[in-house]
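Taken together, the values in this text are just the output of simple stated rules run on the coordinates, not laboratory data. Since this is a predicted model, take the numbers as computed values, not measurements. Quick reminder, even Gly has a Cβ in these numbers, built from the backbone with ideal geometry, and neighbours come from all protein chains shown.
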Amino acid sequence: MYLFFRKLLSIFFHIKYKINVIGAENIPGMKGGYIIACNHQSYADPPMIAAVIRGKFSFMAKEELFKKNPFFAFLIKRCGAFPVARGSGDDAPIKASVEALRKNRILVIFPEGTRSKDGTIGRMKSGVVLIASGAEAPVLPVCIRYSGKNRVDVNIGKLIPAAEVHIDEEDRHSMRNVAKRLGDDLHALQAQIYEAAGDPLPVPAKAGKSEKNAAEAESK
């Protein structure tokens, strides 16, 4: 059932979008047991990743998505989604994530914790670091950009070895360092996409006009 839905979505996305994959050589040869950490632009991000990278996926989704539409809930469950209650302080999602990795799944995580409305990449949350360290799993950074005429750029970075994301959970400094390393990788992947397209990098929506002009000038 899972493979059927994944194949169906992959065919649909390749028909609907013009997908440009950068760094395909960085896709791991292993079938699972690693994390994909991706920026979050759209609800289409999980199936977009599945259309580019083969494997059996699991990913977190806010619990509201499982309640609004029974058919949609059925669909995303069959595609590997499990619910997360925001702000509950419950560590069940982290345990479920670690368990999925130990079952040789590819776990898709959006470290920003929410979708970006202006195209920028936000601060990395600590969850991805805790999961990667707890499961002793490597992390594959991936950046997605949606642009005009249904074009999608997917830039795949180099796999970060498990040893480089291992932390002492009591050491907040090491946790911040690993989160920053991941954020830096995602920003670099995004910069490559925009540079290849000859476009200025996005700036926060709240940025003033002078800041936007400076960002555009710097990108030229």
Long pairs among K95/K149; K16/K117; K18/K103; K16/K180; K7/K67; K68/K180, criterion Cα-Cα beyond 31 Å: K95/K149; K18/K103; K16/K180; K68/K180
The chain - percent relative contact order, Cα under 8 Å, separation 6 or more: 25
Distant-in-sequence amide H partners of Y34 (H built 1.01 Å from N, under 5 Å): L107
222 nm mean residue ellipticity, helices alone, for the chain (DSSP H n ≥ 4; -39,500 (n - 2.57); rounded to 500): -13000 deg cm²/dmol
Given charges at Cβ of Lys, Arg, Asp, Glu: the chain dipole, positive-most of Y146, G122, I94: Y146
The chain: antiparallel DSSP beta bridges as a percent of all, rounded to 5: 25
Most to least packed among 3-16, 173-186 [average Cβ atoms within 10 Å]: 173-186, 3-16
Computed label-point distance, nm, for sites R102 and H173 using a 7 Å Cα→Cβ extension: 3.1
Estimated dipole of segment 2-219 in Debye, rounded to 20 [Cβ of Lys and Arg +1, of Asp and Glu -1, Cα centre]: 1080
Mean separation of Cα contacts under 8 Å (6+ apart) over length of segment 40-154, as relative contact order %: 28
